[in-house]
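For reference, the structure is listed below as structure tokens.
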Amino acid sequence: MQTIFNTLQSKFRLLWGLILCSLLVILTACGTPRVSAEERLFVDLSLEFLGEYQLPQLDFEDTPVGGLSGITYDRANDLFYAVSDDRSYLAPARFYTLKMIRDRETKTQLQKVEIEKVTLLKNKEGELYPPGSIDAEGIALSPQNTLFISSEGSPKDKVNPFIAEFELNSGEWLQQLPIPNRFLPNEDENGTPLGIRENLAFESLTLSPNGLAQSDPFRLFTATEAALYQDQTLATPIEEPARIRFLHYLLSPIGEPNLVAEHLYLLDTIPESSLKYGLSEIMALDTEGFFLSLERTFGLTGFGAKIFQVVVSDATDTSKVETLGGELGQLQPLRKRLVLDLQGLDKYDVYLDNLEGMTFGPNLPDGSRSLVLVSDNNFNEYQVNQFLLFRIVKS
């Protein structure tokens, strides 16, 4: 009898334990925020604002400093290279070597930006670019210690866009990447424009992964600032986001550069008060397939900008899609999530200028990476060369 009692008691304890475990699972699930499959695609990161510096209007070695539309960081030498979008009108096409000075104590406050050098760019013939033949917008430092620079071109002046590699120290032209015909200014049989639109082409440029050996292949990414003519929809930008093509190149010391994929990037719908809205920069994160993007707007209330995290994930390759102007159907765009609306910096009395460049900066004392943004002042006396410094915070 005692044996039967002990057996029943053991079974009762087991049953009660199972009930408690089930209740615990239910209560835990109820207390845990639900995370969607979409949210799990992204890296959990945020940006902490550290400071601003405005570079005064000045000339350096007979060149007006301005139009800083792209920036890249040289970690080995703790230097930045910023390209000017002067179309060789005010001075020859060029990029500047910059030194960023932080405070000695915390190393987190931006005190000054100094110009150390200006380098003039040479074309394929070894000559300075003639006026109007280049509109340099994006810049990225390669593992070979060279610079890639993107130019928007100009349909109205029949100047094609390009992405070219230049020698870092001399500015000598080294090679040019192939660009599909669908991006080049053209017309169809009815005279309808095709390709890039004026001042809305290759504004952005980034390389991935970072810190490779010189002999390793690497990837280059760029995107148009706004939709190609043939990719525009009948909807207004307020009703539907613009459809942008995001290009993915593979470069290797052996063989020619190769365009391996293309994806659809959707801009946010344009704010009603805005006159211009576009993708001004992309930046590859350390994790392959993840990026930050900078969308910039200008309107009646001034400049605005937002930083998004972008994930390639299951995005459709659109390189064979002739036009993105119709129904997208099963076509999957790049996924993106807002990281920071920069207009919120007004609480620090920071008011945005025409932000166009974005890059990693030096490591901060706690080991985190810094992020640097720069503005293009359009050589306008009422605008500024603005530098913004952030800490990248990963959870």
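Figures for the structure shown
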read-out: Accessible area of the chain belonging to carbon and sulfur atoms, whole % at 1.4 Å probe; value: 53
read-out: Nonlocal amide H pairs with Val113, under 5 Å, H built at 1.01 Å; value: Ile101
read-out: Sequence-distant residues sharing a close amide H with Asp86 (under 5 Å, placed H); value: none
read-out: Karplus 3J(HN,Hα) series, Hz, for segment 48-63 with 6.51 cos²θ - 1.76 cosθ + 1.60 (x for Gly, Pro); value: 10, 6, 10, x, 10, 9, 10, 6, x, 5, 7, 9, 9, 6, 6, 10
read-out: Burial ranking of peptide ranges 375-384, 242-251, 181-190 (average Cβ count within 10 Å, highest at the top); value: 242-251, 375-384, 181-190
read-out: Estimated vicinal HN-Hα couplings, Hz - segment 329-344 in sequence order (Karplus 6.51, -1.76, 1.60; Gly, Pro = x); value: x, 8, 5, 9, x, 4, 8, 9, 9, 5, 9, 7, 8, 6, 5, x
read-out: ³J(HN,Hα), Karplus 6.51/-1.76/1.60, whole Hz, each residue of segment 280-287, x for Gly, Pro; value: 9, 7, 10, 9, 6, 7, 5, 7
read-out: Of Phe148, Phe308, Phe60, the one that fluctuates the most in a GNM where the chain has Cα springs shorter than 10 Å; value: Phe60
read-out: Estimated inter-spin distance, Glu288 and Ile254, nm [label 7 Å along Cα→Cβ]; value: 1.8
read-out: Of every Cα-Cα pair in the chain, the percent that sits beyond 25 Å; value: 59
read-out: Whole-angstrom gap from segment 240-285 to segment 109-138, using each part's C-alpha centre; value: 23
read-out: Residue of Thr72, Thr297, Thr106 that the Gaussian network model of the chain assigns the largest fluctuation, springs spanning Cα pairs under 10 Å; value: Thr106
read-out: Cβ-placed point charges (K, R +1; D, E -1), dipole of segment 334-380 about Cα centre in debye, nearest 20; value: 380
read-out: Label-zone membership for segment 77-108, site Leu58, 7 angstrom Cα→C-beta point, backbone N under 11 Å; value: 99
read-out: Amide H partners (placed H, <5 Å) of Asp135, local residues excluded; value: Glu152, Gly153
read-out: Set Lys158/Lys276; Lys99/Lys124; Lys156/Lys336; Lys124/Lys156; Lys99/Lys276; Lys117/Lys276 screened for pairs whose C-alpha atoms are more than 25 Å apart; value: Lys99/Lys124; Lys156/Lys336; Lys99/Lys276; Lys117/Lys276
read-out: Gaussian network model of the chain, Cα within-10 Å springs - most flexible of Lys122, Lys158, Lys336; value: Lys158
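The values are calculated or read from the model by the stated rules, or taken from the named source; none is laboratory data. Everything quoted here is computed from the prediction, not taken from an experiment. Backbone-built Cβ (ideal geometry, glycine too); neighbour counts: all protein chains shown. For accessibility, only protein heavy atoms count, side chains too; no ligands or nucleic acids. Shrake-Rupley method; radii C 1.70, N 1.55, O 1.52, S 1.80 Å.
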